[in-house]
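Single-structure report; data block below.
The values are calculated or read from the model by the stated rules, or taken from the named source; none is laboratory data. All values derive from a computational prediction rather than experimental measurement. We place every Cβ from the backbone using ideal geometry, glycine too, and count neighbours over all the protein chains shown.
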Amino acid sequence: MPDEQELVKRCRAGDREAQRELYAQTSERIYALLLRMTSSRDDAFDLSQSTYLRAFERINQFDGKSSVATWLYRIAVNEALQLLRRSATARGKLKELETRQPGDAGAGADIVRMDIDDALGQLDGDERAILLLRYQEGLDYRMIAEALECAEGTVGSRLNRARSRMRALLGGSYGRREEEDVGAHPRSSG
Amino acid sequence: MTCDEVRRQLGALIDGELSPDLRLDIEPHLAGCEACAAELDELRGLASGLALPSVAGVPSELWASIERGLDGERTELLRRSPGVRRMARLPWALAAVVTLAVGLGLVGLLRNDSSARASSIDFTLLLDALPHDAKQAFTKFVSHYDAKEASPEDAKLFAPDLNFEVPEELPGGFRRGSVYVLHFGELAGVAATYDRDGEFLGVVFHRPVHTGHCKPHKDYPCVAGHQEGHKVSVGQWRLVHLMDPTTCHCVLSRLNEQTELPPIMSAVAPPLPSGDGGRHRD
Ligand SMILES: [Zn+2]
């Protein structure tokens, strides 16, 4: 895309208008990804900020092999994963307290069904990232491989693993239990 | 193909990443196998659940805060070691949190860190909301410090320790809007808004606070008229602080501090009476 090349060129020269333009074109996607990665507006804000600062700082390293958007996704995911790793312990404990109230464990499982975002929050950061890049952001496997810096051939199996974990967490409506009680499940009847 | 083999490919199928050959193998199986077809439905449901657009828009202050980073704080931001970053966020990042916290009614929790202690006045709250709507940013800032509208006379009574004036008109044709009394923790503050044909100017007066807290943004020494101070720029806007021993005078405007600002500073920050008298009191 010639427009994109031109924009990148101007960003390299430190052109503030170009930087703002690149931000305007991509920030909605980047912020949305980071918001869902972190479930926190202030984390998403901070991470978006550091994503763009790093991007502008390193724009000379952008080789044009992927799109700028994919390249920004890569920076954003790295920023998010770093943050999630740092706060994994604290956050994990908090989540445990929130989601595993006494009494919820057994009979509660049928009543309190985790929603998609709750389940996402239980996944590891890289599982969350790959699911969001694929389904929220609509990246294809090649772009995902570029954004996550992994081999394209591993994207499919990574997605399979992440989806399986989601379905296990979501229980009844998306999960493995389906196989046991197909007939009884309203969604499967008909 | 067995059900297991088929199911391993269903993800790639919904992702549109299956090779045409494999698709041809799988589709007949799906047509005849209810369990695998149900599994495919589940995966599609999950995919569309994940695809739900996020409801929150990009915060309007985000670009301004990136721009500030570009203007000089980048090195500091990136240099911070990961371990301390959460605790020692840059103040303007903290302001974003504070702003949100106001919206969420969580401000009580954050007060210990920001506004409760008199020594920390969080101008980032103001600066982060620039440059889109300076008046709104200013209003947000003062309301964070419990602003109450007051007459200029009441403001003087309210903050007898401060050396300031809020004349009805400032040099350059700015007319006074509202005057507010503020609470910076235990300490009194005063603010006023001015307007010149839709151009906003705001002033804040407070006791000089610990320097580290008074200038959280990247700021530069400046001289306006006879006083030395420092300024922070956000876009066209600049917040200039000039201090005398009793009072920090802060003016938010788009005015040039060399030429247009000095007469205004003189009007809102009258020279202290010489000697030990005046309003100064500890
Ligand atoms: Zn089958």
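Take B:LEU52 and tell me if it is more than 30 Å from B:VAL232 (Cα to Cα), more than 16 Å from the ligand (Cβ to nearest atom) and more than 7 Å from chain A (Cβ to nearest Cβ).
Yes.
Kindly establish whether B:ALA37 is more than 15 Å from the ligand (Cβ to nearest atom) and closer than 27 Å to A:ARG128 by Cα.
When the stated conditions are applied, B:ALA37 does not pass them.
Among the residues of segment B:1-32, how many are within 14 Å of another protein chain (Cβ to nearest Cβ), surrounded by 14 or more Cβ atoms within 10 Å (Cβ to Cβ) and near the ligand (Cβ under 8 Å from one of its atoms)?
2
Which of the helices (runs of 4 or more DSSP H) found entirely inside segment A:1-66 contain at least 1 residues meeting this: more than 7 Å from every other protein chain (Cβ to nearest Cβ) and at pLDDT below 90?
A:2-12
In segment A:147-157, how many are surrounded by fewer than 21 Cβ atoms within 10 Å (Cβ to Cβ) and either closer than 16 Å to A:LEU81 by Cβ or in contact with a Cys (Cβ under 6 Å, 6 or more places away or on another chain) (or both)?
So the count comes out to 2.
To keep it simple, each residue is scored yes or no on (1) within 16 Å of the ligand (Cβ to nearest atom); (2) modelled with pLDDT under 85; (3) under 17 Å from A:ASP43 (Cα atoms); (4) buried (at least 20 other Cβ atoms within 10 Å of the Cβ).
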position	(1), (2), (3), (4)
B:GLU42	yes, no, no, yes
B:ILE66	no, no, yes, yes
B:ASP71	no, no, no, no
B:LEU90	no, yes, yes, yes
B:SER119	no, yes, no, no
